[in-house]
Amino acid sequence: MSDVADTMQAVHDATTNPYKWGFTTDIEMDLAPKGLNEDIIRLISARKEEPSWLLDWRLQAFAAWKQMEEPHWARVEHPPIDYQDLHYYAAPRKKTGPKSLDEVDPELLRTYEKLGIPLRERAILAGVEPGEDEPRQIAVDAVFDSVSVATTFRATLQKSGVIFCPISEAVRDHPDLVRKWLGSVVPQGDNFFAALNSAVFTDGSFVFIPKGVRCPMELSTYFRINARNTGQFERTLIIADEGSQVSYLEGCTAPQRDENQLHAAVVELVALDDARIKYSTVQNWYPGDAEGRGGIYNFVTKRGACRGARSHISWTQVETGSAITWKYPSCILQGDDSVGEFYSVAVTTNCQQADTGTKMVHIGKNTRSTIVSKGISAGRSNNTYRGQVRIMPRASGARNHTQCDSLLIGETCGAHTVPYIESRNPTAKIEHEATTSKIADDQLFYCRQRGLSEEDAVNLIVNGFCKDVLKELPMEFAVEAQKLLAVSLEGSVG
Amino acid sequence: MLEIKGLTAAIYGKAILHGIDLVVPTGEVHAIMGPNGSGKSTLSYVLSGRDGYEVTGGTATLDGRDLLSMEPEERAAAGLFLAFQYPVELPGVGNANFLRTALNALRRARGEAELDAVQFLKLARAEAKRLAMPDDMLKRNVNVGFSGGEKKRNEVLQMAILKPRLAILDETDSGLDIDALKIVADGVNAQRGPAFSALVITHYQRLLDHIVPDRVHVLAAGRIVKSGGPELAHELEADGYAGVVADAA
């Protein structure tokens, strides 16, 4: 119940500028020249002091990318993207990689403070271990433009054998693991944006949870695009070995700029026998202004492979930001009895466009998947759910349940549902339910008659609509997500 | 005290109320009876400020404050409560959550301290118990999957928690069996006192056996055509509206 109070507080606190994360940080940047070619890729690889196998891997991806065309099957529209007019590498200028937060540029730390990232681990990094009664801890990897600037709690995690570090460090310190798994779920040539990412990815997080280990804390990454005319191409790789468990949170913001910024990330998850990965995202990239100027193009490939028997991968996302969202976190259910879940809230307002959903590919026997998608459209926005459920011939006893609901606010927005269902096994059970509703005048009046303002009423109704998804988020994120919903929808009624 | 003078109102340009004069002194319960289409529900929506109901003339004040110039939530904060004829479902919104949000909004508007979750639940459980309603009513989503009777009982529970100065009950008896009717009536009677007044809108006299009104008014064709004591309800029950309405015409 305090959640709703928080939501109301967020509305109350919100300023006239609805995107309060729109500040820029004035920091000296190390920028690669604009453009994309083999030399730029070599430069990125050299900056990161990568081994030659990775440079070759990147160049293969680039060769594949050059043969590919930008996909246009999604229900989104944008002017052509000039891939030669972007910086593919931007890093805060510094001597060497930070060993502790003390070495991190204070201007950056102030940025993260403004974003509300729990960098209170400062003390721990300085050598002070937390007391027993400390609140639940979250380890954070903060990525600023192209590089990771701080990863907290690493020592604590190392005690249990968990590896959590920037992927560029993993390449250096754990090359065998990275080489084994990188691209094993999303190959270089998987799709146009994944190929682009494979060629130029700059940083991102690497997580390895060893056999039987339950990760002792939530892991979290914060991404922020700061520099002008840069793309952000982070790559995240999470491997949960047999019987291990991990919960991973991802949050994103960007400054407010008139031009569009490109974000093309790849996330790969691998769950071996009996492993569980819970991956939660609160995406709040700058959505552009009310007229549709500026904002992030969020073209992301996220895929999890349930390689092992009884493995479990769960995606939860709350998407309120970005001018365009193109994103389908998917599960490949290879292991028998493996489980895939997708819980999504996608909010679009003003001129935002979202085409998002999931793919559940059932390969193993008795594999199960659940899809709960809640789309909320307001303003002149367009919100599309696109989901695929595929049952392969060997997947006897496979089950899927899909619940896909759309909520419309106002008269000028659109909601679309595009399910693809393919079953090649007669024993499979697939259920698909879809609803579209509007916030009814009688609901608003009922709430207002009880004393709620119109905005509080909308928040209450929207939070109710999203409850099945929000309850899947870890507590800290659920509160943040509710605040985001409130701020995003402010002024969308009336 | 509710004071209505010469109130006229229209829906989509069609005049429905043709000049209502009505005074409900604080502490009293008045009933409004009348045939279908006489404007009973329109009166309750005009007083509570629903969109689409256009006031074309007259005044309505609660404790001297002009109701008609206020937003619906301001009227709620001024102490007006409408028990809906058709309570609205709010999927995914817990009843307790909804009520606490509403109560705290009212308290904020009145400059009172908000209640935390623990304080609120204590209050809500006590009221539910007093109304012989099961606790789980508070846990369920607002009116979702409620039977007709449960919805009406939920309205009364909300009223008991929000403690209005003036409650308008819009055909709260419709769709209720006799046991539910009694529970609802007991809930309203429990609120009666020097600081509470109510306008009970009903077709039938049977609700007024349980909520005995101080005054009964007959509304027909957008006007109050007859007023009297509780005995008027019995006369209407025996003779129907036809006589009263014809006399007035």
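Per residue of peptide B:111-118, the mean number of Cβ atoms on other chains within 10 Å of the residue Cβ is 1.
Looking at the P(r) of chain B, how many percent of alpha-carbon pairs lie beyond 24 Å? I get 45 percent for the Cα pairs in chain B exceeding 24 Å.
In chain B, a dipole from Cβ-located charges (positive for Lys and Arg, negative for Asp and Glu) runs towards its positive end, and of B:Ala221, B:Val188, B:Leu90 it is B:Leu90 whose Cα lies farthest in that direction.
Stretching B:Arg107 away from B:Ser227 to a fully extended chain increases their span by 39.6 nm, per 0.36 nm per residue minus the current alpha-carbon distance. A simple spin-label model places pseudo-atoms 7 Å from Cα toward Cβ; at A:Glu291 and A:Lys211 they are separated by 6.2 nm. Electrostatic tally near B:Glu127: other residues with Cβ closer than 14 Å to its Cβ, Lys and Arg +1, Asp and Glu -1, net +4. With the simple spin-label model, which puts each label point 7 Å out from Cα in the Cβ direction, the A:His416 to B:Ala117 separation comes to 4.1 nm.
Projecting the Cα atoms of B:Leu207, B:Val23, B:Met70 onto the charge dipole of region B:2-248 (Cβ charges, centred on the Cα centre) puts B:Met70 farthest toward the positive pole. Once C-alpha pairs closer than 8 Å and six or more residues apart are averaged by separation and normalised to the residue number of chain B, the relative contact order reads 28 percent.
Using the empirical formula 2.2 N^0.38 Å as the baseline, the Cα radius of gyration of region A:368-494 reaches a ratio of 1.26. Considered as an equivalent ellipsoid built on the Cα gyration tensor, region A:272-390 has semi-axes of 31, 12, 10 Å, the largest given first.
Structural descriptor for region A:337-417: relative contact order 35 percent, calculated from alpha carbon pairs under 8 angstrom and at least 6 residues apart. Lysine pairs in region A:355-494 whose alpha-carbon atoms fall under 19 angstrom of each other, counting only those eight or more residues apart or on distinct chains, come to 10.
Over all other residues within a Cβ to Cβ distance under 15 Å of B:Gly58, the charged ones net out to -2, with Lys and Arg as +1 and Asp and Glu as -1. Taking the simple approach of a point 7 Å from Cα along Cα-to-Cβ for both A:Ala440 and A:Lys34, what is their distance in nm? With each label point 7 Å from Cα toward Cβ, the separation is 5.4 nm. If you bin all the Cα-Cα distances of region B:135-249 at 10 Å, starting from zero, the percentages per bin are 13, 41, 31, 13, 2, 0.
All other residues whose Cβ lies under 12 angstrom from that of A:Ala309 are scored, Lys and Arg at +1 and Asp and Glu at -1, for a net of -2. Evaluated over the Cα positions of region A:346-405, the convex hull gives a direction-averaged projected area, one quarter of its surface, of 3.7 nm². Between helix B:95-109 and chain B there is an angle of about 70 degrees, using the helix long axis and the longest principal axis of the Cα atoms. By the rule of a C-alpha distance below 25 Å, with chain neighbours fewer than 8 residues away ignored, the lysines paired with B:Lys40 are B:Lys5, B:Lys14, B:Lys151, B:Lys152, B:Lys163, B:Lys182, B:Lys226. Just checking the listed ones, B:Arg215, B:Arg65, B:Arg165: in the Gaussian network model of chain B with Cα springs under 10 Å, the one fluctuating most is B:Arg65. Of the two radii for region B:1-108, the radius of gyration is 0.98 times the Kirkwood radius, both from the alpha carbons; that is the Rg over Rh value.
Readers should treat all values here as calculations from the given coordinates under stated rules, not as data from a laboratory. Here the structure is a predicted model, which is why all the values come from computation and not from measurement. Glycine also receives a Cβ, built like all others from the backbone with ideal geometry; neighbour counts cover every protein chain displayed.
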